[in-house]
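**Q** After the structure tokens below, expect a handful of questions from me.
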Amino acid sequence: MNLSNVDENLQIIRDNYPQGPFHAAIFDFDGTLSLIRRNWQETMIPMMVDELAKTGTTETHEELKRQVENFVMQLNGRQTIYQMIQLTKEIEQRGGQPLEPIDYKHQYHDLLWEKVSRRIAAIQSGQVDIDDMTVPGSRELLQHIKNIGLRMYLASGTDLKYVKQEVSLLEFDNYFTGNIYGALDDYKNFSKAMIIDKIIRDTGVAGTQIIGFGDGYVEIEEVKRVGGLAIGVASDENNCQGINPWKRERLIRAGADIIVADYRELQTLLTLINLASPSI
């Protein structure tokens, strides 16, 4: 791996990264553009550790936490139900009798909603500015991508009804003109791989002409699967400063070509990926 630092908040991981021309861009949502659900891991992981501990396993809390962190983040970017399916398998492996995955998903959503609902209320009341609930520079990035004429898509592992609500709340919906996708009750009919394949099939855009932005394994792997450019967003969702090393390590492992902390160094990033021009 040849790593060169352009800036402490922007790192080229692979010198031979695809350089376009690009005609479509696909974005993850949570942690990539939105901070409304920031630190969802701090809700999901303890919930799962508690469920595994109920099996009577002799593993310590820290051992369980490490194992849960690994599979939760390995599945980050896929629909939430897949993380819950894995939880049921882990419970069974320890001799427990799990609930259905959908039951654990509802339990997780109820816990997370306690935090998310307060953030939404704060935005709606004007107590918090919408841009304070976005990864820094997100709006400028989206506006530039729109201005230069790339087709724009959003695909999230969060349930579609929540994604649409939160995209609208952050006033991002005008950038995607209906190309917003999220988890479905019939979970086998949605995946980020399906959306990327649909983009290629419906538009004629080649995989190498797609650029993807995401903070999870799945979107990075799927963009690389078709030969596109994968920008790993190692956002620090708490402080909005600098690269999150834990995310960075996992994004590199997934195949990210470039790592960014956020989009504050937007002009540098756009120049690197040949999107600084006002036209394509």
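Throughout, read-outs are computed from the coordinates displayed, never taken from laboratory work. Computed from a prediction, not measured in an experiment: that's the story for all the values here. As a convention, Cβ positions derive from the backbone with ideal geometry for all residues, glycine included, and neighbour counts pool all protein chains shown.
**Q** Could you grab the relative contact order for the chain? Cα pairs under 8 Å, six or more apart, rounded to a whole percent. All intermediate terms of the calculation are to be shown ahead of the outcome.
**A** Working: 468 pairs, mean separation 80.2, N = 280.
Relative CO of the chain lands at 29 percent.
**Q** Right, here's the next one. Any idea how far the Cα center of segment 142-206 sits from the one of segment 35-111, in Å?
**A** With segment 142-206 and segment 35-111 each reduced to a Cα centre, they are spaced 27 Å.
**Q** Let me ask something else about it. Counting Lys and Arg as +1 and Asp and Glu as -1, what is the net charge of the other residues whose Cβ lies under 9 Å from the Cβ of Ile259? Walk me through the numbers on the way to the answer.
**A** Values: positive: Lys247, Arg248; negative: Asp257.
So the environment of Ile259 carries a net charge of +1.
**Q** Okay, next question. Roughly speaking, what is the stretch gain from Lys54 to Gln67, that is 0.36 nm per residue apart minus the C-alpha to C-alpha distance, in nm to one decimal?
**A** Numbers: separation 13, 0.36 × 13 = 4.68 nm, distance 1.55 nm.
Result: 3.1 nm gained on full extension.
**Q** Taking the dipole about the Cα centre of segment 41-124, with the C-beta of Lys and Arg at +1 and of Asp and Glu at -1, give me whichever of Ile120, Gln74, His61 is farthest to the positive side.
**A** Final value for the positive-end residue is Ile120.
**Q** Starting with the fewest neighbours, write out Val260, Val205 ranked by other beta-carbon atoms found within 10 Å of each beta-carbon.
**A** Val205, Val260
**Q** Right, another one. Taking only Cα atoms and a 10 Å spring cutoff, compute GNM fluctuations for the chain and point out the largest among Glu140, Glu92, Glu62.
**A** The residue with the greatest mean-square fluctuation here is Glu62.
**Q** Sticking with this one: Springs between alpha-carbon pairs under 10 angstrom, Gaussian network model over the chain: which of Gln209, Gln74, Gln267 fluctuates most?
**A** Evaluated over the chain, the most mobile residue of the options is Gln267.
**Q** Here is a further query. Let me make sure I get this right: for segment 1-135, a, b and c are the square roots of the gyration tensor eigenvalues over alpha carbons, sorted descending. Under 1.5 in a/c it's rounded, otherwise prolate if a/b > b/c, else oblate. Which is it?
**A** Values: a/c = 2.28, a/b = 1.37, b/c = 1.67.
It is oblate, given that a/c is not under 1.5 and a/b is not larger than b/c.
**Q** Okay, next question. After finding the eigenvalues of the alpha carbon gyration tensor for segment 73-153, what semi-axes result from the square roots of 5 times each, listed largest first in whole Å? Please report the intermediate quantities before stating the final value.
**A** Working: eigenvalues 250, 79, 16 Å².
Taking √(5λ) for each Cα gyration eigenvalue gives 35, 20, 9 Å.
**Q** Further question on the same structure: Suppose only helical runs count, i.e. DSSP H with n ≥ 4. What mean residue ellipticity at 222 nm does that imply for the chain under -39500 (n - 2.57) per run, divided by all residues and rounded to the nearest 500 deg cm²/dmol?
**A** Working: 11 runs with 127 residues, N = 280.
For the chain, the value works out to -14000 deg cm²/dmol.
**Q** Right, next: In this model, which of Lys115/Lys188; Lys89/Lys115; Lys89/Lys188 are farther than 25 Å apart at the alpha-carbon? All intermediate terms of the calculation are to be shown ahead of the outcome.
**A** On the way: Lys115/Lys188 28 Å; Lys89/Lys115 28 Å; Lys89/Lys188 18 Å.
In this structure, Lys115/Lys188; Lys89/Lys115 lie more than 25 Å apart at Cα.
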